[in-house]
Amino acid sequence: MRALWNTAISCLVFVYLVLVTASAMGSGSQAAPAGNPEAKKLKNPVASSAASIAAGKKNYDKFCAFCHGDEGKGDGPMAPKGSHPSNLTDAEWTHGGSDGEIFTVISDGAGQGSAMKSFKAKLTPDEIWNTVNYVRSLAKPH
């Protein structure tokens, strides 16, 4: 009976250690900060003007609205199944909210595991900056 008791205790200790190790490994991946410190340093060389915002809207309508929606709320009709396009009108910017970070996400994509792919082969840097200016215009005052 004592041997059975020792085996049961050993099994419980093993399960506990596995759960603690798995929990510790999982928590490290959740602690990564949002945003991109290097991209945050980029300054927008294109002044936000009516002309820039209008040019950015054309790019947005052509490349972005399908997933992010006409009003930028992340509710576009052609978003890949299971994806969650960002709501560009709210205060939550998972990949960073500076002009440089927005530029980098449009240019390079949102990263591994995201449906948001790179647009640098389809848009020039100035076109991307115009799109950044348009995306900024979508934000509603809070």
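Each reported figure results from applying straightforward, stated rules to the coordinates on display, with no laboratory input. Since the model is a prediction, treat every value here as computed from it, not as a measurement. Here the Cβ is made from the backbone with ideal geometry for all residues, glycine too, and neighbour counts use every protein chain on show.
Couple of notes before you dig in:
- Restraint check, K41/K117; K40/K73; K41/K62, Cα-Cα greater than 26 Å: K41/K62
- Simple spin-label estimate for K58 and S83 in nanometres, 7 Å along Cα-Cβ: 2.4 nm
- Inter-label distance, nm, simple model (7 Å from Cα along the C-beta direction), D126/D90: 3.6 nm
- For region 40-142, average projected area of the Cα convex hull in nm²: 6.3 nm²
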